[in-house]
Amino acid sequence: MRLRIGAVLAGCAIAFPAVAQPDKPAVPHSPGRPYAARNLADRIVLSTGADAAIEMAVAFRTDTDQPMAEAEIAPAIDGPSLAVKARPVQGTSIPISTENGRAIYHQVRFSGLTPDTPYVYRVRGSAGWSEWLQFRTAARDPRPFRFLYFGDTQNGILPIASRVIRQAFHATATPALVVHAGDLVAQRDDLVHDDEWGEWTQAGGYNFSIVPQLPATGNHEYVDAVAADGGETRHLGPHWTAGFALPGNGSPAAAATTYHVDYQGVRFIVMDGTSAIDFGTARAQADWLDKALSTSKANWNVVIFHQPIFTCARPDDTAELKSAWKPVFDRHDVDLVLQGHDHCYSRLTAEDGRDAGRTRRAQGRAQGPVYLVSVTGQKMYALNDRARSQPDRVAEDTELYQVVDVEPHRLKFRTYTTSGGLYDGFDLVRRADGGKTLTDIEGIGPARTCAGGTGPDGGACSARGK
């Protein structure tokens, strides 16, 4: 059965839907209401405009006593008088009612910025301003920068996954961007939904408010619902459109969840696999993707979505996406495809297997798209049979983060375990003829996999089969 898209919460009129009584928690797992909105802004998440050199945006939450979206922005200076040159900026406001009561999300866009320039901004709650938060716009021309890539956070967000996120920021000097491959929250089981989003922003802390976030939707960003005819449906959860101020330049078939961003020689293209699979938008998104790649002037093109083309855990590859999107990746020679969903790690460079890929590289043949799958959170899936021979590198029962260094003619991709160990890596180099050469780094240890019921750390394996 094809699912139908429900209405997406949008607009700025302050009209609240009915809300459950606060003394009746939705599920027994909520520890009360620690994530209820208060009189200072919280859940402050920075994102970029379509052109990160001249536009940034911020989403944040307040209590209902702050009905307007208010921010101030100023050029960063080296002294404390930040407010002297600050200018006010207003935006849109989106009311939301959840298990934690009523609140208002606000979104403010900072446009007309100067490239390669540091700025400070602050946002207003009903009791006053937030601290000043600093970011830097992208340069106009291709320059080296570094970004982080996270797989699914989803489960154990604050108690478990936060360690991975914080270690990634702690160990990585000045990341310019963060890419999330969907399922930021579970939104179906562990906690009440609003608590999960509270945990996600708490896990990232102030880093999410000073480093732009580029999230993709996963299936868990959608919530299950009952259709008018009594059948099953789902719709995009209200936290997505309220909590992220995204560029709004995506596919008309999935306007709230697709977009692209240009940053210093890289075009990041974010797609929605759930909409493609469940709502029949795969072809429409493929057409939009084709245009986004055809018009790209970037040195590198990176595509991000949730459900992987080549799965490392599930019985079958994602047929709808493979047939609709992979030909576009191949035709435009996309560089990296960053995915999640499988709760294991996979780096795949050749569909016909790692040995065939290594043979072609030894022959000097150009490298095509590199497909990555990773996981940040607590839930783990066991590797499928193909994972033993198809991907170049795999892991199970392992939390990871990825650091990508971008240069005009080189991408340096490194995968780290949470304790800081280098687990995988390769360099992707642009040749004079336009093709690419992939070189594996040396000195990495054995693959982290489960042996029977024993995990790679010596305890019980937590990875379950799909």
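The values are calculated or read from the model by the stated rules, or taken from the named source; none is laboratory data. It should be emphasised that the depicted structure is a prediction, and the values quoted were computed from it without experimental measurement. Backbone-built Cβ (ideal geometry, glycine too); neighbour counts: all protein chains shown.
Within the set V58, V89, the sole residue that is assigned to a strand (DSSP E or B) and touching a residue at least 40 places away in the same chain (Cβ under 8 Å) turns out to be V58. The residues on offer are G340, G353, G368, and the sole one that is modelled with pLDDT of 95 or more and within 17 Å of G218 (Cβ to Cβ) is G340. The set of residues from the stretch 429-461 being under 27 Å from the mean Cα position of the chain (by Cα) and basic (K, R) comprises R430, K436, R448. The set of residues in the stretch 103-119 being more than 16 Å from L133 (Cβ to Cβ) and surrounded by fewer than 17 Cβ atoms within 10 Å (Cβ to Cβ) consists of S111, G112, T114, P115, D116.
Taken over the stretch 131-143, the criterion of being buried (at least 20 other Cβ atoms within 10 Å of the Cβ) and in a loop (DSSP other than H, G, I, E, B) is satisfied by T137, A138.
Quick grid of which residues meet (1) over 22 Å from the mean Cα position of the chain (by Cα); (2) touching a residue at least 12 places away in the same chain (Cβ under 8 Å); (3) closer than 30 Å to S294 by Cβ; (4) assigned by TED's automatic domain parsing to the domain that holds L184:
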| site | (1), (2), (3), (4) |
| --- | --- |
| L321 | no, yes, yes, yes |
| G368 | yes, yes, yes, yes |
| N384 | yes, yes, no, yes |
| V403 | no, yes, yes, yes |
| D427 | yes, yes, yes, yes |
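Quick one: L428 ticks every box in (1) under 24 Å from H341 (Cβ atoms); (2) outside any strand (DSSP E or B) except a single one, so which number is it? Only one criterion is unmet by L428, namely (2). If the condition is being touching a residue at least 24 places away in the same chain (Cβ under 8 Å), surrounded by fewer than 22 Cβ atoms within 10 Å (Cβ to Cβ) and not small (G, A, S), then the stretch 227-239 contributes E232, T233, R234, H235.
Could you grab me the full set of residues in the stretch 115-151 that are under 25 Å from the mean Cα position of the chain (by Cα) and aliphatic (A, V, I, L, M)? Of everything in the stretch 115-151, those that are under 25 Å from the mean Cα position of the chain (by Cα) and aliphatic (A, V, I, L, M) turn out to be V120, V123, L133, A138, A139, L148.
Residues R122, R146: which one is assigned to a strand (DSSP E or B) and crowded, with 20+ Cβ neighbours inside 10 Å? Answer to the selection: R122.
The residues of the stretch 392-413 that are buried (at least 19 other Cβ atoms within 10 Å of the Cβ) and in a strand (DSSP E or B), listed by number, are R393, V394, A395, L400, Y401, Q402, V403, V404, V406, L411, F413.
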